[in-house]
Amino acid sequence: MSSYQLSCKGNNQILCYYANVTNQIQVVRIGNIPNWYFERVVFPGQRLMFEATTEAVLEIYTGAVPSAILSDKIPCYVLRVIEELSSESDLVIPKERCAVLAR
């Protein structure tokens, strides 16, 4: 599993997780953040962890690279990794740390 970090300042970065559950190679990219570009090839069954801003949108292109088509767009806040609880005192999670786990 690989991890990539957003190289811009700010505290609205979130850790994200994406898995290619198809049997095809995918190219994933984030292009909607000014002055920053993220693109990776994700093989079938491969998992990817990366940091992005909450406003970022992951675009997923499926198929052969020259003719890949945009198959999905997922807001990165949906892909946010939620940390495991380390103690009972952590059971109350602030609303701003909550995320949707499934689309």
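With the structure loaded, tell me whether V27 is surrounded by 13 or more Cβ atoms within 10 Å (Cβ to Cβ), out of contact with any Leu (no Cβ under 8 Å at 6 or more places or on another chain), touching a residue at least 24 places away in the same chain (Cβ under 8 Å) and among the β-branched types (V, I, T) or whether it fails that test. Yes.
In the set P66, P44, only one residue is out of contact with any strand residue (DSSP E or B) (no Cβ under 7 Å at 6 or more places or on another chain), part of a loop (DSSP other than H, G, I, E, B) and either open to solvent by 30 Å² or more (accessible area, probe 1.4 Å) or modelled with pLDDT of 95 or more (or both); that residue is P44. Of the residues making up the range 5-20, those that are modelled with pLDDT under 95 and open to solvent by 70 Å² or more (accessible area, probe 1.4 Å) are Q5, S7, K9, N11.
The values are calculated or read from the model by the stated rules, or taken from the named source; none is laboratory data. Note that the structure is a prediction, hence the values are computed from the model and not measured. When we count neighbours, we look across all protein chains shown, and the Cβ atoms used for this are built from the backbone with ideal geometry, even at glycine. The accessibility values were calculated without ligands, DNA or RNA, using every heavy atom of the protein model including side chains. Shrake-Rupley method; radii C 1.70, N 1.55, O 1.52, S 1.80 Å.
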